[in-house]
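Below is one structure; the comments refer to it alone.
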Amino acid sequence: QFTTRVVSCRAAELRPEGGGEPVRGFQVVLEDTILFPEGGGQPDDRGLIGDVPVLRVTRRGPEAVHFVPAALEPGAEVLLSLDWERRFDHMQQHSGQHLISAIAEQMFGFKTTSWELGRQRSVIELDTPLVTAEQIEALEKSVNEKIRDRVPVTVRELAADDPEVETVKSRGLPDDHAGPVRVVDIKGIDSNLCCGTHVSNLSDLQVIKLLGVEKGKKNKTNLVFLVGNRVLKSIEQSHSTEKALNSLLKNGPGEHIEAVRRLQSSVKLLQKNNLNLLRDIAVLIARDFKSKPAPRQLFVLHRKEGNPEFMNIIANEIGTEETLLFLTVGDEKEAGLFLLAGPVEAVENLGPRVAELLGGKGAGKCGRFQGKAAKMSRRGEVQALLQEFISRQNPEA
């Protein structure tokens, strides 16, 4: 916590990180702050100004701008409270990134070109097209040895024109930077220009887990990692999943993979049998219709279980030169599929109108129009439309 004063407060809008409508609120500048504004690959802090939540902290030149949902009086003394759990998580991930980047360069010459502190996992972009499994294993072992060595992490400030600044790693300063520069040192391992928040000793990182690599930009590799409490949370999630699988599969963790393979094989066989049965049902439905003494000009069918092949088999078996077919599959209260088949001119005329009535989209050619339907409950309206069309074409029908 930190006591400070409100310097300014002005109305503003905040666009949520996940998208959506802007949130109305206020941008507040304080005399000083303990909340970190986003920057340097690290997200911003959260907290409270009095009892008003801080929803975002950004940097505007040398100022930290706090976005809050309620107005604050300029000149008022306020108590600023930091969300420590979020801050400590960011400290662990950021110091972990410095350590991983430094050791990766020392061991293999892999330079870090950028990094991202994500909500669940973090990623370092390495300037190399390939990182082997053996290198990942060696790198993970080395960084965890440094954690066990309890290496100090210190912060110092240098004047921007200090010659020592040139000896410190840096990916450049923001164009609007003014004043001294901040250097984060991991004793004997790394010295880096950085504005972010860090632990004071590598032992505070607890443990680092390298999850593997992913293909990055051209000639780059993304290294995915977790640090500290995130490793513990990941283990807890994995353990919960393992217990659930033990119960579902009726065996131990060592047998899960083989059990899932057996299930996959059974499902494939069942799906194959189901498709064969569905084809047989489609043929029987079509033959039953054709066996009627007086063939009708309109054939309508709905079946909850089905697929496009099921509908097309019926259309093929019945024939569409004289009969107009309207077929649907899916749950009546949810979305489904539809097929309109029949004489080419009739289908071209009716297809878009059928799709509109069903609240869906479709396309067609050669006397068939099919697509997705969002309003299956309106099938009756479609049937009425088709019956009316046939009546107009053939009043004696």
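The values are calculated or read from the model by the stated rules, or taken from the named source; none is laboratory data. This one's a predicted model, so the numbers in the text were calculated from it and none came from an experiment. Virtual Cβ from ideal backbone geometry, glycine too; neighbours counted across all protein chains shown. Keep in mind that these areas ignore ligands, DNA and RNA; they rest on the heavy atoms of the full protein, side chains included. Shrake-Rupley method; radii C 1.70, N 1.55, O 1.52, S 1.80 Å.
Rolling a 1.4 angstrom probe over the chain with all protein chains present gives an accessible area of which 51% lies on carbon and sulfur atoms.
Counting other Cβ atoms within 10 Å, keep those with at most 12, restrict to DSSP loop, and tell me which GluC sites (Glu not before Pro) in segment 1-53 are left. Don't skip to the end; give the middle numbers.
Values: sites: Glu13, Glu17, Glu31, Glu38; in loops: Glu17, Glu31, Glu38.
Sites meeting the loop and neighbour criteria: Glu17, Glu31.
Under the definition of Cα pairs under 8 Å and six or more residues apart, what whole-number percent is the relative contact order of segment 1-119?
Values: 228 pairs, mean separation 32.3, N = 119.
The normalised contact order for segment 1-119 reaches 27 percent.
Sort Val143, Val300 from largest to smallest accessible area, using a 1.4 Å probe on the heavy atoms of the protein chains. Numbers along the way, then the final one.
Numbers: Val143 0, Val300 55 Å².
In descending accessible area the options line up as Val300, Val143.
Karplus-derived 3J(HN,Hα) values for segment 86-95, using 6.51 cos²θ - 1.76 cosθ + 1.60 with θ = phi - 60°, are 5, 4, 5, 4, 5, 4, 4, 5, 6, 5 Hz; glycine and proline are entered as x. Report, in degrees rounded to the nearest 10, the 0 to 90 angle that the Cα long axis of helix 308-318 makes with the longest principal axis of the chain. In the chain, helix 308-318 runs at an angle near 10 degrees to the longest axis.
The radius of gyration of the Cα set in segment 1-150, together with its Dmax, comes out at 19.3, 59 angstrom. Give me the distance between the Cα centres of segment 45-72 and segment 345-363, rounded to whole Å. If we compute the Cα centre of each part, the gap is 53 Å. Every Cα-Cα pair of the chain was included, and the share exceeding 42 Å stands at 47 percent.
Would you kindly give the portion of the calculated P(r) for segment 2-82 that falls above 15 Å, as a percent of all Cα pairs? Working shown, then result.
Working: 1714 of 3240 pairs.
Looking at segment 2-82, the distances longer than 15 Å represent 53 percent of pairs.
Between Glu242 and Lys375, the contour length at 0.36 nm per residue exceeds the Cα-Cα span by 43.9 nm. The simple spin-label model puts a point 7 Å past each Cα toward its Cβ; for Asp83 and Ala11 those points are separated by 2.7 nm. Computed over the chain, the per-residue total of -39500 (n - 2.57) for DSSP H runs of n ≥ 4 gives a 222 nm mean residue ellipticity of -12000 deg cm²/dmol, rounded to 500.
Panel values: segment 276-393, Kirkwood radius from alpha carbon pairs, Stokes-Einstein at 4 °C and 1.567 mPa s, translational diffusion coefficient 92 µm²/s.
With all protein chains kept in place, the per residue accessible area of segment 109-245 amounts to 59 square angstrom at a probe of 1.4 angstrom. Computed across segment 168-257, the Kirkwood hydrodynamic radius from all distinct Cα-Cα pairs reaches 17.4 Å.
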